[in-house]
Every structure is written in structure tokens, then in C-alpha cells.
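The structure under discussion appears below in the form of C-alpha cells.
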Amino acid sequence: MREHAEQVRAYLEANLTQDLDMNAVARAASLSPFYLTRIFKQRYGVPPYRYLIGLRINYASDLLRDSSLSVTQICHRSGFNSLSHFITTFRNHTGMSPSQYRRVVDWEQDAGRFGQETEPLVETPRRMNF
């Protein structure tokens, strides 16, 4: 039982960008879809499809942080077929849309870029009295 769950987990991680059907995954593991879901959930705490979605969201987050690809390109490279489904799922997992996530990450990466002497001026600029 444990070996089957491990094999399925490894398969999902290796093929997260592919269009996967859980029935086909179960057939490849020589298990019924119901039994696959049951043993996978016992082992990892979530059904295989939710595990796959989590992998895809993590991969998309990495692409949003480290690449300049568009949200649509990231959607398809992450294994999602529908942009609206990707945005909704991403928002449900992270609490923000992919575009918002990218802006927040970019802002956090730029924080502190000015140096110790300049940073206080950027945060609270001096006011000129005219």
C-alpha cells in the first residue's frame, strides 16, 4: 500500500505540467480510482488531485517569482488548461491573484535595495519648507 502511494506521488511530481487524469493514474498504478484516493489520502492527508493542484500552484508561484513570463504562459506551463480556473485556484490557495502575487513578490525583492543611508529617505522623505 505504501509503495503504491509513493509511486503515485513520484509520478504526480514528475508529470505535474502534463494533462493528468486521475483514472489514468489509477490504471497506471494498477489500482481502482477509489482505492488510490483512499491510500493516498491515508499516506499524505489529501487526495491525489488536491496534491497535484498544490504542486502546480507551488510551481506557478516559483515561475511568477523568478521569470518574466505572462500569467497566461505560466498557467499553461503549470499544467492548467483554463486561465480562469488557474486564477481562481491560485487565489484560493494564496489569497491573491497571480498578478497580485507577482507585484507583492517584486516589491518585497526591491525592499532595502537603496542601502542604509538612502533607505530612510525613501521611507520618509524630507519635506522642503517653501
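The values are calculated or read from the model by the stated rules, or taken from the named source; none is laboratory data. Note that this is a predicted model, so its numbers are computed, not measured. Glycine also receives a Cβ, built like all others from the backbone with ideal geometry; neighbour counts cover every protein chain displayed.
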How about region 26-50: which of its residues are under 21 Å from the mean Cα position of the chain (by Cα) and surrounded by 19 or more Cβ atoms within 10 Å (Cβ to Cβ)? F40, P48
Across (1) under 25 Å from V25 (Cα atoms); (2) surrounded by 11 or more Cβ atoms within 10 Å (Cβ to Cβ); (3) modelled with pLDDT under 95, N81 clears everything bar (2)
From Q18, Q116, which residue is polar (S, T, N, Q), outside any helix (DSSP H, G or I) and modelled with pLDDT under 90? Q116
State whether the residues of region 95-110 include one that is within 14 Å of the chain's Cα centre (by Cα), closer than 15 Å to L55 by Cα and free of Cβ contacts under 8 Å to residues at least 12 places away in the same chain. no
With the checklist (1) buried (at least 19 other Cβ atoms within 10 Å of the Cβ); (2) among the basic types (K, R); (3) more than 22 Å from Y11 (Cα to Cα) in hand, flag the one item R65 doesn't pass. (1)
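Kindly provide the set of residues from region 74-94 that are part of a helix (DSSP H, G or I) and either of a type in the set (S, T, Y) or touching a residue at least 12 places away in the same chain (Cβ under 8 Å) (or both), ordered by number. Lay out the reasoning, then the answer.
We begin by selecting, within region 74-94, every residue part of a helix (DSSP H, G or I); these are 74-77, 83-94.
Selection gives I74, C75, R77, L83, S84, F86, I87, T88, T89, F90, H93, T94.
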